[in-house]
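A short write-up of the structure that comes next.
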Amino acid sequence: MHPWNQSLWQRFCQQQQQQRLPHALLLSGTAGLGKEYFASAIVANVLCTSFQNASSPCGQFHSCQLLSAGNHPDHIKIMPEETGKQIKIDQIRSLKDKQQLTASVANWKTIIISPADAMNVSASNSLLKLLEEPQQNTLLILITDKPEKLPITIRSRCQSYPFSSPSTEQALEWLATQNINNQNDELEKILQLASGAPIKVLEMLDNDLSDHYQQIERDFDEILSGQANPIALAASWKDFELSEVLHLLHYFLKDRLVELMTTKQKSTKNRHYFKISDCIMSTIKLTSSLNNVNKTLLTEEFIVSVMKISKSLH
Ligand SMILES: [Zn+2]
């Protein structure tokens, strides 16, 4: 188990040992904290038929072997048919039929829904009915990076497992065990961009995202100098997660502010920078609070507002 998830894991193990497992769990928190891994560890524990008070499954008997072979009849994973698409009502409905069947090999049925915020409205409603009439020995595990996008009616029927980022020290300590060659000060920067999530840092290093960060920084320069074309820029950002771009911009802006303040020159620039910072933060809020928001339009509006503020910079 990842060191920063240890206390949540202890909590789960305790519930299992005391036979107080709830019907539904909601694993929520920033991407890159190991929620998927945590969920699969839960499934392995729950489906093991010879599970004693130990904290890990036996790995030997039929049930454990079926699970590691990836075809356990008592485990279902529901996700969008294509990445980035919605989870549809049929996928949740099919669960109802399967759920009528009692567990066949293990003593439990486990169902993972990930990302749970990808369920469309009718899928959510269908899931709600399931949650309202829980089946015995069925454990539903919902995973999401954006719990605020789930209806409160669903959230309130799940026991919450909130994942949080480790301290910078703990994150760097763990990253040092992951065979990477980056210096700590560089890793600390990337860790900030990853909202403190260590596994996300690994992904970012793997995908060599630095090129795309440099591009976005150049775009930001264009916006601040009033030379950007909002429509073209919004179109070129459409493949990125908007909230990630915004966090990145906020990070670049912070860098500039720090620079500005250390030069001790009297400048009205920082007042404008703070205004731009507010604009970034309120747009981040919008992206997480609104469902079905028109991302392209929001991006264009954002770019136009920042350009307006920065006009007075010249
Ligand atoms: Zn086992």
Completion exercise
From the option list S277, S305, single residue qualifying as open to solvent by 30 Å² or more (accessible area, probe 1.4 Å), at pLDDT 90 or above, among the small types (G, A, S) and out of contact with any strand residue (DSSP E or B) (no Cβ under 7 Å at 6 or more places or on another chain) is S305
Exercise for the section: State whether the residues of region 46-60 include one that is open to solvent by 60 Å² or more (accessible area, probe 1.4 Å), more than 27 Å from S243 (Cβ to Cβ) and in contact with a Phe, Trp or Tyr (Cβ under 6 Å, 6 or more places away or on another chain). Expected result: yes
Practice task
Taking only region 103-123 into account, find how many residues are farther than 16 Å from C48 by Cα and β-branched (V, I, T).
Solution key: 3
Handout entry: Residues located in region 11-36, provided they are open to solvent by 20 Å² or more (accessible area, probe 1.4 Å) and of a type outside the set (S, T, Y)
Key = R11, Q14, Q16, Q17, Q18, Q19, R20, L21, P22, H23, A31, E36
Completion exercise
The residue that is nearest to the chain's Cα centre (by Cα), considering only those in region 280-299 that are at pLDDT 90 or above and crowded, with 19+ Cβ neighbours inside 10 Å, is T283
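One line per residue, one yes/no per condition, for (1) open to solvent by 70 Å² or more (accessible area, probe 1.4 Å); (2) away from the ligand (no atom under 16 Å from the Cβ); (3) in contact with a helix residue (DSSP H, G or I) (Cβ under 8 Å, 6 or more places away or on another chain); (4) not in a loop (DSSP other than H, G, I, E, B):
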{"site": "P80", "(1), (2), (3), (4)": "no, yes, yes, no"}
{"site": "T83", "(1), (2), (3), (4)": "yes, yes, no, no"}
{"site": "K96", "(1), (2), (3), (4)": "no, yes, yes, yes"}
{"site": "V105", "(1), (2), (3), (4)": "no, no, yes, no"}
{"site": "S122", "(1), (2), (3), (4)": "no, yes, yes, yes"}
{"site": "Q136", "(1), (2), (3), (4)": "yes, yes, no, no"}
Fill in the blank from the handout: Taking region 161-201 and keeping residues open to solvent by less than 60 Å² (accessible area, probe 1.4 Å), in contact (Cβ under 8 Å) with a residue 60 or more places away in the chain and of a type outside the set (S, T, Y) leaves F163, P166, A171, W174, A194, G196, A197, P198, I199, K200, V201
Problem - Single condition D74 does not satisfy, out of (1) open to solvent by less than 20 Å² (accessible area, probe 1.4 Å); (2) within 16 Å of the ligand (Cβ to nearest atom); (3) touching a residue at least 40 places away in the same chain (Cβ under 8 Å) - result: (3)
Practice task
Can you tell me which residue among L242, L260, L248, L209 is in contact with a Lys or Arg (Cβ under 7 Å, 6 or more places away or on another chain), closer than 30 Å to I180 by Cβ and modelled with pLDDT under 90?
Solution key: L242
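The values are calculated or read from the model by the stated rules, or taken from the named source; none is laboratory data. These figures come from a predicted structure and were not determined experimentally. No Cβ is skipped: glycine too gets one built from the backbone with ideal geometry, and neighbour counts run over all protein chains shown. Calculation scope for accessible area: heavy atoms of the full protein, side chains included, ligands and nucleic acids excluded. Shrake-Rupley method; radii C 1.70, N 1.55, O 1.52, S 1.80 Å.
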